[in-house]
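Participant: Handing you a structure now.
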Amino acid sequence: LEHIRSPCCCAHLGAVMTSATAKKQGPNEKCSCGSGAKAKKCCQASAAQPQAPPAAMGEPGHVLQGSPDDLWNQGKAAAQAGDDKKAKHLLTMAIDMVTKGMPINQDGCAVDADIAKFNARSEGRLAKLLSDRSSIHLRLGDTAAAVEDADTCTRADPDFEKGHIRLAVAYEAAGAALQVQLEACERGLAACPGSELLVTRKWRLKKALAEQPASANEAASAGDAAPDTESMLAQVRRLAEDPADARHAMAAADWGSILATGAHGVTKDVVSAEKFLRIGSAGGDVAAQRNLGLLLLELERPAEAAAELSGAAAAGDEQAAEVLKRLVGEAKAKEEEARQRLEEMAADGDPRAKAMLAELNAQG
């Protein structure tokens, strides 16, 4: 059987089975999941815990402490609280449990049939856990791991639409070639033909490919060696600053994202980053919309950030949708806190608080 491979890498299950990788991790070494704890007190300990059979995991009221569902729920809570490192750690522990005993080769790769079998055995949990962890990897800036998890997710459950969308978003964030992104969308549509989000992405990518100069397409199809980082950055910047080039918007999106994070050794420059990200956003680049929204949040301009994130979420960007959801939740919590304060002040006889509370109640 064929190993699970994405177009750019073997789809390792990350830290799925730390005890079964080519190099066995010692119990006193730091756990590979990134928690900072010793392996014997972290993922090795969770993998050794007795667990309920898969059929019992989903029974209401029968979620055991330390079971995949319990860890999954804790991971979701950590993500909602903004603690992405903790969320990744918990999701990794849950994935370890549902993949315990999965055969892998000397390179740490599993075959499609085994991944699908373990996904079915876990009642679909494996695909969903990988999908969630892919999103967390993106938020942590690890695009390679995000692609890896999303790709494995689509192999665990080819009919899971969200997994294909995760993969498309991860490829875009990783700066994968447009043809690679398009092929991922087409594979997703073959499995999920009714996906409006994948259809939208497919035609946007086709349009972007059609606008590329013939020489660029020929070089991509020929598989030319990638230029060194310095040359690549110089080319991206040149295209980002050339409005006459058909690739201007996409390059501006990439250059703006680099400036916003200070990636590849480039000095972080939020003013220039905003300028280039706006060019990318106006050109319809979803990653630029999302990254501009995140930058505006960093600059404490939430209203503008929400507008950009909403646009990216509407185009199918899962990371933007999750950030937006978190912002809405935080806003509602603050609103409720303010209302409670007003009620307390009104109860103490404050006339202004009574008037403001009456006005709020009148507005519904």
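Participant: Being surrounded by fewer than 22 Cβ atoms within 10 Å (Cβ to Cβ) and within 14 Å of Arg204 (Cβ to Cβ) is the filter here; which residues of the range 179-191 pass it?
Facilitator: Gln179, Leu182, Glu186, Leu189
Participant: Report whether or not Ala225 is under 26 Å from His264 (Cα atoms), assigned to a loop (DSSP other than H, G, I, E, B), modelled with pLDDT under 85 and open to solvent by 80 Å² or more (accessible area, probe 1.4 Å). So that I can check it myself, show each step before the final result.
Facilitator: Values: under 26 Å from His264 (Cα atoms): yes; assigned to a loop (DSSP other than H, G, I, E, B): yes; modelled with pLDDT under 85: yes; open to solvent by 80 Å² or more (accessible area, probe 1.4 Å): yes.
Answer is yes for this residue.
Participant: Within the range 134-151, how many residues are in contact with a Lys or Arg (Cβ under 8 Å, 6 or more places away or on another chain) and at positive phi?
Facilitator: Qualifying residue count for the region: 0.
Participant: Taking the criterion of being open to solvent by less than 70 Å² (accessible area, probe 1.4 Å), aliphatic (A, V, I, L, M) and more than 18 Å from the chain's Cα centre (by Cα), would at least one residue in the range 312-327 satisfy it? Break it down stepwise before answering.
Facilitator: If we filter the range 312-327 for residues that are open to solvent by less than 70 Å² (accessible area, probe 1.4 Å), which is where we start, we get 312-313, 315-324, 326-327.
Pick out the ones that are also aliphatic (A, V, I, L, M) and you get 312-313, 315, 320-321, 323-324, 327.
Filter once more, so that each one left must be more than 18 Å from the chain's Cα centre (by Cα): none.
Taking every residue of the range 312-327 in turn, none turns out to be open to solvent by less than 70 Å² (accessible area, probe 1.4 Å), aliphatic (A, V, I, L, M) and more than 18 Å from the chain's Cα centre (by Cα).
Participant: Something else: For Arg352, state whether it is of a type in the set (Lys, Arg) and either at pLDDT below 80 or open to solvent by less than 50 Å² (accessible area, probe 1.4 Å) (or both).
Facilitator: no
Participant: In the range 95-124, how many residues are part of a helix (DSSP H, G or I), among the small types (Gly, Ala, Ser) and under 22 Å from Trp72 (Cα atoms)?
Facilitator: Matching residues across the range 95-124 total 2.
Participant: Among the listed residues Gly108, Gly124, Gly101, which satisfies the condition of being at positive phi and either in contact with a Lys or Arg (Cβ under 6 Å, 6 or more places away or on another chain) or free of Cβ contacts under 8 Å to residues at least 24 places away in the same chain (or both)? Give the steps one after another, and end with the answer.
Facilitator: Working: Gly108 fails: either in contact with a Lys or Arg (Cβ under 6 Å, 6 or more places away or on another chain) or free of Cβ contacts under 8 Å to residues at least 24 places away in the same chain (or both); Gly124 fails: either in contact with a Lys or Arg (Cβ under 6 Å, 6 or more places away or on another chain) or free of Cβ contacts under 8 Å to residues at least 24 places away in the same chain (or both).
Going through Gly108, Gly124, Gly101 in turn, just one is at positive phi and either in contact with a Lys or Arg (Cβ under 6 Å, 6 or more places away or on another chain) or free of Cβ contacts under 8 Å to residues at least 24 places away in the same chain (or both): Gly101.
Participant: Look at the range 134-153 and say how many of its residues are within 10 Å of Arg166 (Cβ to Cβ) and either open to solvent by less than 10 Å² (accessible area, probe 1.4 Å) or in contact with a Gly (Cβ under 6 Å, 6 or more places away or on another chain) (or both).
Facilitator: 8
Participant: Moving to a separate point now. Condition check: under 14 Å from Asp157 (Cβ atoms) and modelled with pLDDT under 90. Does Asp107 satisfy that?
Facilitator: Numbers: under 14 Å from Asp157 (Cβ atoms): no; modelled with pLDDT under 90: yes.
Spelling it out, it is not the case that Asp107 is under 14 Å from Asp157 (Cβ atoms) and modelled with pLDDT under 90.
Participant: Okay, moving on. Based on this model, can you work out whether Glu148 counts as farther than 28 Å from Ala77 by Cβ, assigned to a helix (DSSP H, G or I) and touching a residue at least 12 places away in the same chain (Cβ under 8 Å)?
Facilitator: Values: farther than 28 Å from Ala77 by Cβ: no; assigned to a helix (DSSP H, G or I): yes; touching a residue at least 12 places away in the same chain (Cβ under 8 Å): yes.
Considered against the rule, which asks whether it is farther than 28 Å from Ala77 by Cβ, assigned to a helix (DSSP H, G or I) and touching a residue at least 12 places away in the same chain (Cβ under 8 Å), Glu148 comes out as no.
Participant: So if I check each of Arg166, Arg187, Arg204, which one is in contact with a helix residue (DSSP H, G or I) (Cβ under 9 Å, 6 or more places away or on another chain) and within 20 Å of Trp72 (Cβ to Cβ)?
Facilitator: Arg166
The values are calculated or read from the model by the stated rules, or taken from the named source; none is laboratory data. This structure is a prediction, so every number in the text was calculated from the model and none was measured. With ideal geometry, Cβ positions are generated from the backbone for all residues, glycine too; neighbour counts draw on all protein chains shown. Ligands, DNA and RNA are excluded from the accessible area calculation, which covers all protein heavy atoms including side chains. Shrake-Rupley method; radii C 1.70, N 1.55, O 1.52, S 1.80 Å.
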